[in-house]
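Visitor: Sharing a structure with you now.
Rule-based calculations on the coordinates, nothing more; no lab input. As the structure is a prediction and not an experimental result, all values here were calculated from the model. When we count neighbours, we look across all protein chains shown, and the Cβ atoms used for this are built from the backbone with ideal geometry, even at glycine.
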Amino acid sequence: METSFLPTAAEYLRLLPETILIVSGTILMILEGLAGPRNRKNLSPLAIAAILAAMAATVAAAGNPGPAFNNMILADGFGAFFRMVVLSAGLLAVLCSSSYLTREKADSGEYYALLLYSMTGQCLLSTANELIMVFIGLEISSIATYILAGYLRDDARNNESALKYFLLGSFATAFLLYGVAWIYGITGSTNLEEIRRTLLNPESGASPLLTGVAAALMFIGFAFKISAVPFQVWAPDVYQGAPAPVSAFMSAGPKAAAFAVMLRVYLTAFPSIGDGWQTMIWLTALGTMIVGNFAALTQSNLKRILAYSSIAHAGYVLVAVTAYSDTGTAAAMFYLAAYAFMNIGAFAVVSHFSRTGEKYVELNDLAGLAQKQPTTAALFSLFLFSLIGVPLTGGFFGKFYIFKAAIDSGLIGLTVLGLLSSAVAAFYYLRIIVVMYFHEPGDTMDTITSPAPGIQIALWTSALATLLLGVFPSFVLDYATTSAVLVR
Amino acid sequence: MDPILFFIFAAVAVICAISLIVQKHPIKSALSLIGVMGSLAILYLLLGAEFIAAAQLIVYAGAIMVLFVFVIMLLNAGEEKSPARPSWFAKLLGIPLMIALLGILSYVIQRAAPEGSLAFGEYTGGAREVGRALFTTYLLPFEITSVLILIAILGAVVLAKKEL
């Protein structure tokens, strides 16, 4: 028996970001109830303050890394990195949401509470060191996101989106849970480090075949969350139907957290079956890149284009995961950070441009945006260039590091095919830019107003971050490289 | 005695599970599910896990199934009509794929079954052990689950209240 079960102060500090998010979420929820429907206030400043406090807590907790609460979470550099990515994604989503909700007359504290709870789940996922925590974190993150996807419940598209996401998501989680049960049956533990020790110990009698099946079952759960082929079908419909700021958040926050937990689980717990797992990821990565990029070519709805593009980008990150090396992990981390900013930036433009009821989300509606609002068009182009991977943007270095890591691991075929498919991707991104700059403005441009302050801050922050990551990538990459070693 | 009871209730569980899928009326499916839950509880009991057996009965066969039946009654769901054009995909692939999955799973379990598996009545996990584990080692997951439940309540309020 252990001497004391009481957590120390350092352990509380390691859980502080989540604690702040939970407490503020609950306060927002109560404030909403107290205010009543008459005197509603915009509660987004409180949500922003909470996220900034959680970011500060993450930095503070990173100064004293280590496990907490009986090894349930491990607040190390890797966890801190993904906490920051998730929190940044959440911050930008809140900034976009404020004006969006006012426009749709759906401003309420519950929205922000759900967003904060969802981020809590993702922060827990980034640091989870135990399969039980993985499951609970994933459920918290997912259930909050399901509700957010259907938040404007009078809108049929929202309903469709939430229902599809919920049904398929629950199904995927069941697979994950089944895999966890198998792992517990094989190793007698749910702690990642203990699983690793048991599996690497030749006397434990753990069958690699059984472990492989368990790992594959868990992979189904994760692959759904990152929308990897063949579990990607939900993404376009859900992203199209959900409110634009929610789609922005969904494509960055939950995805980054799912990658974080996938990397940690497979690198920490399953080194014994590394070869078989690499083959599986190889196939998934290739399929995800090809399906995402080719399906996006035929789309005319902006949100669907961005949804397919987000599938393709999950494929690039999977290439880095396939590399199965420290540089690969670091490249995946860097890419997810860069991707969060450029993709939320792009969705922020869509959120601004679509106007009340999301009437204008077709590609042709963008015609002549550059004449009416040159700044918005220029920022949108920057995000699109970054998504293509043009130099001086974060997307360029992200892709560069990913394919470099793949070549270092001898994945020449996957690299060539990946580069070819990202060349295909340039077509549909450039098409958006062409429509914005070279088409005459139609009458859809008459009702456009200048972006709300929240959207403007989100746009400029994302643009700045995208450029910073493109010009000075070493700052983030160095941190990713030092923390990538931790999960091995 | 134990093996005989095991096979009886294992058979009941499998039959009820098949009946759950085959039945056309939702209430009959729900009742079959209660059969599955109940037989599983007895299997746990045979292993010596009284607490899990009780939890299985109270939570699954009790609370959750009542909710299921309640929803079915509330929606007044009638007999399921078979679709006009059954999907050829499901017909052609469904059963072979199911048999394949079953085959793979039983092969893997057969091959990898650890030596000296648990015998009947050997499991020691009473309420005391479960409680101790929940409030010491697994304190954080236990507490964090409350957030999960809170989100579910909040979601129900958001999606069902009168005006947004």
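Visitor: Sequence neighbours fewer than 8 away in the same chain don't count; with that in mind, list the aspartates and glutamates whose C-alpha is under 14 Å from A:K372.
Guide: Straight-line reach from A:K372, under 14 Å: A:E440, A:D443, A:D446.
Visitor: Right, something else. Based on the mean of other Cβ atoms within 10 Å per residue, sort peptides B:67-75, A:316-324 so the most packed one is first.
Guide: Averaged packing, sorted descending, gives the order A:316-324, B:67-75.
Visitor: Positive end of the charge dipole of chain B (Lys, Arg +1 and Asp, Glu -1 on Cβ, about the Cα centre): tell me which of B:Y60, B:I144, B:G155 has its Cα farthest that way.
Guide: Selected residue: B:G155.
Visitor: Could you please report the charge total around A:A307, scoring K, R as +1 and D, E as -1 over all other residues with beta-carbon less than 15 angstrom from its beta-carbon?
Guide: Surrounding charge for A:A307 is +2.
Visitor: Take peptide A:67-80, look around each residue's Cβ out to 10 angstrom, count Cβ atoms belonging to other protein chains, and average those counts.
Guide: Taking the mean over all residues of the peptide, I get 2.
Visitor: So, one more: Hey, for a label at A:E193 modelled as a point 7 Å past Cα toward Cβ, could you say which residues of region A:235-265 have their backbone N under 18 Å away?
Guide: Zone members listed by number: A:264-265.
Visitor: Quick one: which residues, 5 or more positions from A:E130 or on another chain, have an amide H under 5 Å from its amide H? H modelled 1.01 Å from N in the peptide plane, none for Pro or chain starts.
Guide: Those lying under 5 Å, H to H, from A:E130 are A:L192.
Visitor: Then there is this: Once you keep just the Cα pairs under 8 angstrom separated by 6 or more residues, what percentage relative contact order results for chain A?
Guide: Across chain A, relative contact order equals 15 percent.
Visitor: Further question on the same structure: Order A:164-170, A:457-463 from most to least packed using the mean count of other Cβ atoms within 10 Å.
Guide: Per-residue Cβ counts within 10 Å, averaged per peptide and sorted highest first, yield A:457-463, A:164-170.
Visitor: For Cα pairs less than 8 Å apart in space and 6+ apart in sequence, what is the mean separation divided by the residue count of region B:1-79, i.e. the relative contact order in percent?
Guide: 30
Visitor: Treat every Asp and Glu Cβ in region B:1-98 as -1 and every Lys and Arg Cβ as +1, leave all other atoms uncharged, and give the resulting dipole magnitude about the Cα centre to the nearest 20 debye.
Guide: The calculation lands at about 480 debye.
Visitor: Which ³J(HN,Hα) values, rounded to whole Hz and listed in residue order, are derived for region B:51-58 from phi using the Karplus coefficients 6.51, -1.76 and 1.60 in 6.51 cos²θ - 1.76 cosθ + 1.60 with θ = phi - 60°, glycine and proline given as x?
Guide: Coupling constants for region B:51-58: 4, 5, 4, 5, 4, 4, 5, 5 Hz.
Visitor: Moving on to the next point. Which trypsin sites (Lys or Arg not before Pro) in region B:1-81 pass both tests, a DSSP loop state and at most 12 other beta-carbon atoms within 10 Å?
Guide: Taking region B:1-81 and a limit of 12 other Cβ atoms within 10 Å, the loop trypsin sites (Lys or Arg not before Pro) found are B:K24, B:K81.
Visitor: Please identify every one of the trypsin sites (Lys or Arg not before Pro) in region A:46-129 that sits in a loop by DSSP and has no more than 14 other beta carbons within 10 Å of its own beta carbon.
Guide: A:K105
Visitor: I need to check one value: relative contact order of region B:1-47, counting alpha carbon pairs closer than 8 Å and at least 6 residues apart, in percent.
Guide: 45
Visitor: Can you run phi through the Karplus equation (6.51, -1.76, 1.60; θ = phi - 60°) for region A:379-393 and list ³J(HN,Hα) in whole Hz, with x for Gly and Pro?
Guide: 5, 4, 4, 4, 5, 5, 4, 5, 5, 5, x, 7, x, 6, 10
Visitor: Right, next: Near the amide H of A:A75, under 5 Å away, which other amide H atoms are found, from residues 5 or more places off or on another chain, if H is placed in the peptide plane?
Guide: A:G66, A:A68
Visitor: Could you give the dipole magnitude of region A:10-483 about its Cα centre, charging the beta-carbon of Lys and Arg +1 and that of Asp and Glu -1, in debye to the nearest 20?
Guide: Its charge dipole is roughly 480 debye.
Visitor: Next up: Please list, in order along region A:353-367, the HN-Hα scalar couplings obtained from phi with the Karplus expression 6.51 cos²θ - 1.76 cosθ + 1.60 (θ = phi - 60°), rounded to whole Hz, x for Gly and Pro.
Guide: Values per residue, Gly and Pro as x: 6, 5, 6, 3, x, 6, 6, 10, 10, 8, 4, 5, 5, 6, 3 Hz.
Visitor: Report, in degrees rounded to the nearest 10, the 0 to 90 angle that the Cα long axis of helix A:394-408 makes with the longest principal axis of chain A.
Guide: Orientation of helix A:394-408: about 30 degrees from the principal axis.
Visitor: Another question about this same structure. In deg cm²/dmol and to the nearest 500, what is the mean residue ellipticity at 222 nm of the protein assembly as shown if only DSSP H runs of at least 4 residues count, each as -39500 (n - 2.57), divided by the residue total?
Guide: -25000 deg cm²/dmol
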